[in-house]
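This report concerns only the one structure given below.
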Amino acid sequence: MISTKHLVMDISTVPREWIFEKYCRLSEKLQGQDVKIKSLFNPNERTPSMCIYYAKDKHTYKYKDFSTSRGGDAVDLVKNLFDLSSRYEAVIKIIEDYNEFVLHNNGGYDIADFKKYSKYQVNLIEKRDWNTLDSKYWTQFSINSKLLEYYNVKPLTMYEMVKDDGHSEKKLRIEGNYIYGYFREDGTLYKIYQPKVKQKKFLKVKNYVQGTDQRTNADNLFICSSLKDGMCLKRMFPAFDIIAPDSENTMIKKDILDGIMNNYSTVYLIFDNDEAGEISTKKYAALYPKIKTLRLDLEKDVADAIKTYGIRHVHSELSKLL
């Protein structure tokens, strides 16, 4: 007879590692490392974009699915994965499934010893002059040198990343064309953009709401999904201010956005025409009823629309929505 002494009735006693390992069908035990898998919510995804990561500030595992903008803790994962109506239903399912696991595994789950995992961080960059390749890339979106300079976008020859795993220091050097650094007014690098790289076009270096340093006393504000879209919008509507979160899947902190929005008569939000963009749009609209959401049904985003249809046509279509 299998002992029931290890059965649980409280979600706090269910290891979060077990929850992610089971429902994400992981092939490795979680012991402090981050794991990236294909989205469990987007069956058409080809490149893995769902991250299971250890949140050091919370001392627990969480997840972020960049394909659909879903994210949260282990209970959120189960709630979203099985389309349950509440966190309470998710808790009940987790406890039932864990107790079944306990009964069939003679006592439960052994948590692996946590290891120290370090991540690569940018420690060196090398700027260069603009060239014809840069011009060809940016002008297809009607983004000129004046805008790039205004938003402190600089071309890079290379950047170097380093991490210390406790035994040795490892370095990565990335160089080539189409590497751009995004800088703040004080010269701080906050992001690296590599538009020709398929898997990881953006590398976040620092937290920053893009466009914040360039805000003026304008009456109107665009919140968009990227600085590139923001520069396109600024080109078409120079009297507007623009800001963009670190990524479309990242919500700007409420205290920060409240402080920004209070300075504007009208705030427009325009995100990408995909599932992630729609989910993020709904989240912002629910939190900020005064935001006016826009949808430009031409291409996936504003920049691609300009590339395909030209800036005059996109300006005309957007003007109808304002």
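The values are calculated or read from the model by the stated rules, or taken from the named source; none is laboratory data. Quantities reported herein were computed from a predicted structural model and do not represent experimental measurements. With ideal geometry, Cβ positions are generated from the backbone for all residues, glycine too; neighbour counts draw on all protein chains shown.
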Does the stretch 56-72 hold any residues that are out of contact with any Gly (no Cβ under 9 Å at 6 or more places or on another chain) and either at pLDDT 95 or above or assigned to a strand (DSSP E or B) (or both), and which are they? 60, 61, 70, 71, 72
Considering only residues that are in a strand (DSSP E or B) and either closer than 19 Å to residue 128 by Cα or free of Cβ contacts under 8 Å to residues at least 12 places away in the same chain (or both), which ones fall in the stretch 149-169? 153, 154, 155, 156, 157, 158, 159, 160, 161, 169
Checklist (1) in contact with a Gly (Cβ under 8 Å, 6 or more places away or on another chain); (2) part of a helix (DSSP H, G or I) applied to residue 242, failing item: (2)
Residue check, residue 98 against (1) more than 30 Å from residue 247 (Cα to Cα); (2) touching a strand residue (DSSP E or B) at 6+ places or on another chain (Cβ under 8 Å), all met but one. Which one? (2)
Do we find a residue being under 28 Å from residue 104 (Cα atoms), touching a Ser or Thr at 6+ places or on another chain (Cβ under 6 Å) and either of a type outside the set (Phe, Trp, Tyr) or crowded, with 19+ Cβ neighbours inside 10 Å (or both) anywhere in the stretch 5-24? yes
Residue 249 meets each of (1) at pLDDT 90 or above; (2) buried (at least 20 other Cβ atoms within 10 Å of the Cβ); (3) in contact with a Gly (Cβ under 8 Å, 6 or more places away or on another chain) with one exception, condition (1)
So which residues in the stretch 280-297 are under 13 Å from residue 69 (Cβ atoms) and either buried (at least 17 other Cβ atoms within 10 Å of the Cβ) or at pLDDT 95 or above (or both)? 280, 281, 284
Candidate set from the stretch 258-279 (those that are part of a loop (DSSP other than H, G, I, E, B) and either among the charged types (D, E, K, R) or assigned by TED's automatic domain parsing to the domain that holds residue 68 (or both)); member that is modelled with the highest pLDDT: 272
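A quick yes/no check of all residues on (1) touching a helix residue (DSSP H, G or I) at 6+ places or on another chain (Cβ under 9 Å); (2) assigned to a loop (DSSP other than H, G, I, E, B); (3) not charged (D, E, K, R):
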| site | (1), (2), (3) |
| --- | --- |
| 8 | yes, yes, yes |
| 19 | yes, no, yes |
| 29 | yes, yes, no |
| 36 | no, no, no |
| 42 | yes, yes, yes |
| 47 | no, yes, yes |
Just checking, does the stretch 54-62 include any residue being under 24 Å from residue 199 (Cβ atoms), of a type in the set (D, E, K, R) and not assigned by TED's automatic domain parsing to the domain that holds residue 274? yes
Options 250, 188; residue that is hydroxyl-bearing (Ser, Thr, Tyr) and over 26 Å from residue 273 (Cβ atoms): 188
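Yes/no per residue for (1) in contact with a Leu (Cβ under 6 Å, 6 or more places away or on another chain); (2) among the hydroxyl-bearing types (Ser, Thr, Tyr); (3) without any contact (Cβ under 8 Å) to a residue 12 or more places away in the chain:
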site: 244; (1), (2), (3): yes, no, no
site: 256; (1), (2), (3): no, no, no
site: 264; (1), (2), (3): yes, yes, no
site: 277; (1), (2), (3): no, no, no
site: 284; (1), (2), (3): yes, yes, no
site: 293; (1), (2), (3): yes, yes, no
site: 300; (1), (2), (3): no, no, no
site: 306; (1), (2), (3): no, no, no
site: 320; (1), (2), (3): no, no, yes
The lone exception for residue 146 - which of (1) assigned to a loop (DSSP other than H, G, I, E, B); (2) closer than 26 Å to residue 315 by Cα; (3) not assigned by TED's automatic domain parsing to the domain that holds residue 249 it fails: (1)
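The rows are residues; the columns are (1) surrounded by 12 or more Cβ atoms within 10 Å (Cβ to Cβ); (2) part of a loop (DSSP other than H, G, I, E, B).
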| residue | (1), (2) |
| --- | --- |
| 134 | yes, no |
| 142 | yes, yes |
| 182 | yes, no |
| 203 | yes, no |
| 238 | no, yes |
From the list 280, 316, which residue is of a type in the set (Gly, Ala, Ser) and touching an Asp or Glu at 6+ places or on another chain (Cβ under 6 Å)? 280
Return yes when residue 303 is touching a helix residue (DSSP H, G or I) at 6+ places or on another chain (Cβ under 9 Å), in a helix (DSSP H, G or I) and surrounded by 14 or more Cβ atoms within 10 Å (Cβ to Cβ) and no when it is not. yes
Can residue 73 be described as more than 30 Å from residue 243 (Cβ to Cβ) and of a type outside the set (Lys, Arg)? no
